[in-house]
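Participant: Handing you this structure, nothing more for now.
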Amino acid sequence: MAITSVDVDKAKIEAAKAILSAGSARETIDKSLEIVIALHNQQKVLEEMKAVPLTQEHRAASVVEYPDQEVV
């Protein structure tokens, strides 16, 4: 892993650290970058899905009912 030195707003790091339950600034930055990348990838998938028009067959598809599951 490369070492990069940057000036970072300490208040933002502390706020993100609390939100992410991170133990260090390095962990906070790493988790934050992972989340940004994941959100970007999710957005790309949603845009791809949006580009595919729904057919009548899609609209007539059965609804699948899943049993309630405990969220972990």
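Readers should treat all values here as calculations from the given coordinates under stated rules, not as data from a laboratory. Keep in mind that what you see is a predicted model, and the values were worked out from it rather than measured. No Cβ is skipped: glycine too gets one built from the backbone with ideal geometry, and neighbour counts run over all protein chains shown.
Participant: Which is assigned to a helix (DSSP H, G or I), of a type outside the set (A, V, I, L, M, F, W, C) and surrounded by 10 or more Cβ atoms within 10 Å (Cβ to Cβ), of E27, E47, E57? Break it down stepwise before answering.
Facilitator: Details: E47 fails: surrounded by 10 or more Cβ atoms within 10 Å (Cβ to Cβ); E57 fails: surrounded by 10 or more Cβ atoms within 10 Å (Cβ to Cβ).
Within the list E27, E47, E57, the selection yields E27.
Participant: Filter the range 1-18 for residues that are hydrophobic (A, V, I, L, M, F, W, C), surrounded by fewer than 12 Cβ atoms within 10 Å (Cβ to Cβ) and in a helix (DSSP H, G or I) and give the result.
Facilitator: Across the range 1-18, the qualifying residues are A11, A18.
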